[in-house]
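The numbers here are math on the coordinates, done by the rules we state, and not lab data. These numbers were taken from a predicted model, which means no experiment stands behind them. Please note: Cβ atoms are built from the backbone with ideal geometry, for glycine as well, and neighbour counts cover all protein chains shown.
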Amino acid sequence: MLRTSDGYEIDLIVDIEGERWAIEVKLTTAPTPDDVARLGQTAKLVDATRIALVCRKHIGGQGSRVLVTDLDHLLEAI
């Protein structure tokens, strides 16, 4: 887990097959674009190549680097 003094955070940092995933878990069905943007900014601190915002609903990919999804779809992706 990583948490900065200004409130940015990453719940999990996972290295899999040459990619570093920054993963944030939210208990919502409707994450906001700001949630994704904050995760993206924080992911830069750990040189993450992929980011995933895990929530209660599969929303899908936002480009090749970003995934907003439920846990089942995240596990399929990694």
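Among the residues making up segment 12-24, those that are surrounded by 12 or more Cβ atoms within 10 Å (Cβ to Cβ) and in contact (Cβ under 8 Å) with a residue 40 or more places away in the chain are Val14, Trp21, Ile23. For segment 26-42, which residues satisfy the criterion of being under 20 Å from His73 (Cα atoms), surrounded by 13 or more Cβ atoms within 10 Å (Cβ to Cβ) and in contact (Cβ under 8 Å) with a residue 24 or more places away in the chain? The answer is Lys26, Pro31, Val36, Leu39, Gly40.
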